[in-house]
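Inspection log for the structure reproduced underneath, given as structure tokens.
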Amino acid sequence: MDLLDLIKKRRSIKKFKQKPVERESLLNLIETACFSHSICNRQNIRYWVVQDPAKVDFVYQHSSLGWVIDGEDGLTDEKFAPPAYIAVTVPGSASHADYADAGAAFQNMALMSLQTQLGLFWIHAFSEEILKSFLNLPEEQTIIALIAVGHPAESPVAINIDPVDADKFFNLKDKAQKVPKLKTKYIVSWR
């Protein structure tokens, strides 16, 4: 498979099989992150792996995958909750560079997840202070993202759309399996 096909195949997974993820597979994902772009090669990002079932459940309950807010369900049902998480942290307050580095690291992990038949989901909404305390992370670390990791229980597919068709695909009730992506001609301007 060429690189463009691989990139097109990579999708966020919100439903996971209830099957543990091997430690070696998690280390492989993080190793690919270590080789990602890092602004000025600062390498500020640290990874905290959560696999213990009780801790995984706590993280699920305190992130957008499991939150129940104003009568709205979380992003996925508990029976499809991920079996592992990776907390992405940086020392002190997060900078734009830290988020850029985390994004590059996530992309490497996401591409590797295809090879290892895993699925990932970047979680940006979570109870940072609660999770930091519960996971006993060092005070100086700031959680900038959570990555849910597991064996996919869904197969979302990306499709190219025109902007006028976007409303047909954004359906949170069904948690759509077709992921709309605007055609390149709509997002690029030439100068």
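Read-outs throughout are calculated quantities, based only on the coordinates presented, and are distinct from any laboratory measurement. Quick caveat, the model's predicted, so the values are computed rather than measured. Note that we place each Cβ from the backbone using ideal geometry, even for glycine, and neighbour counts take in every protein chain shown.
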- request: Please give every one of the lysines within straight-line cross-link reach of residue 183, meaning a C-alpha to C-alpha distance under 19 Å, and leave out same-chain neighbours fewer than 8 residues apart.
  value: 8, 9, 168
query: What spacing in nm lies between the two simple spin-label points modelled at residue 122 and residue 5, each 7 Å away from Cα in the Cβ direction?
result: 2.5
- prompt: Just 164, 88, 49 to compare: in a GNM of the chain, with alpha carbon springs under 10 Å, which one fluctuates most?
  reply: 164
- request: Name the most mobile residue of 87, 100, 110, meaning the one with the largest mean-square fluctuation, in a Gaussian network model of the chain with Cα contacts below 10 Å.
  value: 100
- prompt: Residues with amide H under 5 Å of residue 145's amide H, sequence separation 5 or more or different chain, H placed in the peptide plane at 1.01 Å from N; which?
  reply: 88
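So in the chain, what percent of DSSP beta bridges are antiparallel if you round to the nearest 5? It would help to have the intermediate numbers written out before the result.
Details: 21 of 26 bridges.
Approximately 80 percent, going by the DSSP bridge assignments.
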- line: Packing-ranked peptide list from 141-149, 12-20, highest mean Cβ count within 10 angstrom first, is 141-149, 12-20
message: Which aspartates and glutamates, if any, have their Cα less than 12 Å from the Cα of residue 17, not counting same-chain residues under 8 positions apart?
response: 77, 78, 154
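Based on the Cα atoms of segment 2-80, what semi-axes does the equivalent ellipsoid have, where each is the square root of 5 times one gyration tensor eigenvalue, given in whole Å with the largest first?
Value: 27, 18, 15 Å, ordered largest first.
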- line: Connecting every pair of Cα atoms under 10 Å apart in the chain and solving the GNM, the largest mean-square fluctuation among 27, 75, 131 falls on 27
Sparse-neighbourhood loop sites, chymotrypsin sites (Phe, Trp or Tyr not before Pro) in segment 92-152 - DSSP loop, at most 12 other Cβ within 10 angstrom: none
query: Once you put a point 7 Å from the Cα of residue 28 and another 7 Å from the Cα of residue 136, both along the Cβ direction, what distance in nm separates them?
result: 3.0
task: Give the Kirkwood hydrodynamic radius (Å, one decimal) of segment 3-155, defined as one over the mean of 1/r across all pairs of different Cα atoms.
output: 15.6
- prompt: What number, rounded to the nearest 500 deg cm²/dmol, is the helix-based mean residue ellipticity at 222 nm of the chain, given -39500 (n - 2.57) per DSSP H run of at least four residues and division by all its residues?
  reply: -8500 deg cm²/dmol
